[in-house]
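The values are calculated or read from the model by the stated rules, or taken from the named source; none is laboratory data. Quick caveat, the model's predicted, so the values are computed rather than measured. Neighbour counts are summed over all protein chains in view; Cβ atoms, including those assigned to glycine, are modelled from backbone coordinates with ideal geometry.
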Amino acid sequence: MSLLAVPIIAVLALFLVLLSSTVLFVYLVKIKNKVVMLNLQIQSTSLLVNDLQFMNQKLQQEFDAMDEQNVQQTAENTQVSKQLEHRIKNLQQQVIDQKELLAQWQENQGQDKFYNRAFKLAAKGADIEEIMSECELPRAEVEMLLSVYQQRARSL
């Protein structure tokens, strides 16, 4: 080989070393940038995890409070239901009592219709004899009815 070939090979070798060093340097810079980006992503993810854990704790507390409130509401509803059942039973008994009173009143109404008829006849001006015969009432009752009717008529 010639003397000139050795320095060309050395220059080429030096050039290749410099080129490979530059490529490696650029590659290392890119890797370093990726490592920095990954570290930022890890930190960001860590912050998100912390936020999610905090939110989870907060939601769990709210859930526990709602659950406790639900238990209280259920107890109150049970108590109110029992009170309403008691009231319903009382009202049902009152309805039965009222029905009995109504039945008694309706039975008595048959007797009262003679008195009502007598009042109507008195309003039309019928005399004692006419009222006695129409309503089948004794004289003393008709006289009393006429007296009551006349008092009512004066007060109006």
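Would you call M1 aliphatic (A, V, I, L, M), out of contact with any strand residue (DSSP E or B) (no Cβ under 7 Å at 6 or more places or on another chain) and modelled with pLDDT of 95 or more? No, not satisfied. Scanning the stretch 118-139 for residues that are in a helix (DSSP H, G or I) and either touching a Gly at 6+ places or on another chain (Cβ under 9 Å) or of a type in the set (D, E, K, R) (or both) yields a count of 5.
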